[in-house]
1. Run through every distinct alpha carbon pair of the range 200-244 and return the Kirkwood hydrodynamic radius in angstroms, one decimal place.
2. Starting from the exponent 0.38 and prefactor 2.2 Å, build the expected Rg for the range 243-393 from its residue count and divide its actual Cα Rg by it.
3. Only helical DSSP H runs with n ≥ 4 go in: add -39500 (n - 2.57) per run for the chain, normalise by residue count and round the 222 nm mean residue ellipticity to 500 deg cm²/dmol.
4. Taking the Cα centre of the chain as origin, work out the dipole magnitude from +1 charges on Lys and Arg Cβ and -1 charges on Asp and Glu Cβ, in debye rounded to 20.
5. How about Lys31: which lysines have a C-alpha closer than 25 Å to its C-alpha, ignoring those fewer than 8 places off in the same chain?
6. Using only the Cα atoms of the chain, what are the Rg and Dmax in Å?
7. Amide H of Val277: which non-local residues (sequence gap of 5 or more, or other chain) have their own amide H closer than 5 Å, using H built in the peptide plane?
8. Count charges around Tyr285 for me, please; just the other residues with Cβ under 11 Å from its Cβ, Lys/Arg as +1, Asp/Glu as -1.
Amino acid sequence: MRICFVSFEYPPFMSGGAGVYAVHITRELAKMGHDVHIISPSISGQRTHSVESGISVDRIPIIDKRFLKAPSFWVNLAREFNEIRKDAGGFDILHGNGDSDFSLFKQRIKEPRVVTVHHLASLVAQNVTHLNRLLDLSGETGFTPIIEKAVISRANRIIAVSNFTKKTLFSTYNVSPSKIEVIPNGINVDEYFFSKDVILKCRKMLGLDDSVAFLFVGRLNDPRKNLPHLLKAFRITCRDRRKRLKLVLVGSGNQLKIKKIVYRLGIEKDVLVLGYVKDSLLRKYYNACDVLVSPSLLEGFGLTILEAMAAGKPVIALNVGAIPELVREGVNGFLIDKQDLRSLANTMSFLADHPDIIESIGVRNREYVANNFSWQKSAKLTERVYKTLLDSA
């Protein structure tokens, strides 16, 4: 099967879970013998073609400016698509990652069309003022909800990464449940195993010593990721106890803005703002820290939660979106009401006092992930969606 996978996020142009999904699902499909072609952005100003991990990758130029990245990608995608399709010898399936293939209008596309929906931008925009939406034109609360609706309406079949996403597709856009297939993200658990020596070296490098270390992974300045809420809870936790605590922040974004909040709260000695790191290093950080905290206000799946579990760590998360599908209260983590700052602080404090619970939940989580999630499984289910579409064409 010849598959065209359009993704705005793909190495080296990565910022979140959609990019991780693009990398792993396409590689697994290629391993299964499919002819996979990826179309993604290039910041070099030139269209380039390469073969990476057995996958044909066409990168098309974008304007590397905040408000112009996505629009310039869509313009050039519409311009270049026919030539890319011709060079490839045609496609059997067109698969869009989120709203990546927005500019490929129905009348130009013969192939059956699949779209993967990670979460709905319209849900993020619900409680945002018109002024803030105007200030975020290129973000999730600007034009994205309008674009999202158009992309979803064109799809022949939709892959939702969680039951929550499937339900919101129906409630928000009245998409028939029969048109939606729930395929959770996967993970390669073995990549998250490291020896004790490696973990101890990483802890020493980070200056964690004998501290209880909490980890945040996400875009630092994304309002949806809700990092200031975590910083306030961490201040309460530090103030209420004597034992040394550390908070490690990993993710792309403006570090200076976050550091200003950290200094204003007086927790600068206990917070490490590391910024974006490569996946290979991030996996070590998951292992080096003790607990993942996810203060996100909305997650259509929660890939960082799955990654932390694969590393054998408990999770504290807000009780929102698809997170309860992964985190079971008191079993493999803890769910907090999104407005309850004190409860978040108390739960962090509780785990800091109970290393035995951190250990037991961690062992349980690694086993749970190994038994229930893999990219191979996700790819096989995706292949089934493709075959069903082609058989009905």
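The numbers here are math on the coordinates, done by the rules we state, and not lab data. Note that this is a predicted model, so its numbers are computed, not measured. Note that we place each Cβ from the backbone using ideal geometry, even for glycine, and neighbour counts take in every protein chain shown.
1. 12.3
2. Values: Rg = 17.8 Å, N = 151, 2.2 N^0.38 = 14.8 Å.
That works out to 1.20 for the range 243-393.
3. Numbers: 15 runs with 174 residues, N = 393.
Using -39500 (n - 2.57) per qualifying helix, the result is -13500 deg cm²/dmol.
4. Values: 55 positive and 40 negative charges, 162 e Å.
Roughly 780 debye, rounded to the nearest 20.
5. Lys86, Lys278, Lys377, Lys380, Lys387
6. Here Rg and the maximum Cα pair distance are 21.2, 66 Å.
7. Gly251
8. +3
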